[in-house]
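The values are calculated or read from the model by the stated rules, or taken from the named source; none is laboratory data. Fair warning: this is a prediction, and the values are worked out from it, not measured in the lab. All Cβ positions, glycine included, derive from the backbone under ideal geometry; neighbour counts span all protein chains shown.
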Amino acid sequence: MGKNKAAAEKKLKKAAKEAVASGREIKRERNDLKRKANQVPDRLVSFKTIHYLDEPGVENLDAIRKSLIEKATQRAHKRFKRDLQKLINQLLEAQAQTHTQVMRDQQAHQEQQLILHQQLQDAMNQLASQQPVELQRDTERRVEGLSMPAYHGNHNECIGLYIHRAKTFVMAKNLNYEQNEVVEARCLAMVVANLQGQAAAWYQELASRRVNGGFRTLVNFEQALREEFEPDNLQERLRDPLFTL
C-alpha cells in the first residue's frame, strides 16, 4: 500500500511539473511574438507587405501587431486548456488508482481478521466439545481473589515472573495441563486471551502466519515469548545492580 501511494504521489508531482513547464513555454512563446511584432518597422517597402496593407480591414501596423498577438493568445489558450485537461485526467486517474488500492488493502485486512477470528472460535468450540462436562465439574475449581495475569510486552516486565503467575493460577484451578492435551490447549487459550498491547499484536500476527494458528503447548509459547521480548543481555543487566550492592 505504501509503495502504491508513493508511486501515485510521484506521478502527480511529475504531471504538475509538466504543466508548469508547459505554462512557462506558452508564456515564453507569447513574449517572443510580442517582441517580434514590436520590431516591425513603421514603413514597409516590400510588395508583399504593401499588398497586405491594402487588404480590407487592415489599416496600419498597430492592427497587424494586434492581430498577431490575438492569434498567439488564442493558440496559447488552446494549448493551456489542452495541457490543463491532461493534468486533470492524470490526477483523476492517480486518485482512482490510490482509492482502489486502499479499498483492496482494507478488504484483505478484514478477510485476514475474519479468518483469524474463525480459527480461534473453531479451536474454542473443539475444546468445548472434547472436554466432558463431568470432568470439568470434578477437577476444575473456582479461584477467588486470583486471576490470570496479563502481559503487555514492555521492557520492564519480567517474563519469568509472568509465566510463574500464570502457572500458579492454572494450578490453583486444579488444571493438570502436563498430562492432558485438551486441558493444556484450554490453559493456553486463557493465557493468550490475557495478552495486551505489543504482546497481543505479536501473537495475532504470528498466529495469522502459522498454518495451524497459534501454539499447541505452553512450553512452546513460553520459548517464543522469551525469544521475542526478552533482551539478549538480560543476565548482564541483572548482574550490574548486584555488583553495586
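Which condition number in (1) modelled with pLDDT under 70; (2) part of a helix (DSSP H, G or I); (3) exposed (fewer than 10 other Cβ atoms within 10 Å of the Cβ) is the one that Asp42 fails?
Single failed check for Asp42: (2).
In this structure, does Ala207 turn out to be touching a Gly at 6+ places or on another chain (Cβ under 8 Å), modelled with pLDDT under 85 and not in a loop (DSSP other than H, G, I, E, B)?
In short, yes.
Phe215 - would you say it is under 27 Å from Gln112 (Cα atoms), at pLDDT 80 or above and hydrophobic (A, V, I, L, M, F, W, C)?
In short, no.
A quick yes/no check of all residues on (1) surrounded by 15 or more Cβ atoms within 10 Å (Cβ to Cβ); (2) out of contact with any Gly (no Cβ under 6 Å at 6 or more places or on another chain); (3) modelled with pLDDT under 80; (4) not aliphatic (A, V, I, L, M):
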| residue | (1), (2), (3), (4) |
| --- | --- |
| Lys173 | yes, yes, no, yes |
| Ala199 | yes, no, no, no |
| Trp202 | yes, yes, no, yes |
| Gln235 | no, yes, yes, yes |
| Leu242 | no, yes, yes, no |
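Find the residue count for the range 140-157, including only residues that are in a loop (DSSP other than H, G, I, E, B), at pLDDT 80 or above and surrounded by 13 or more Cβ atoms within 10 Å (Cβ to Cβ).
6
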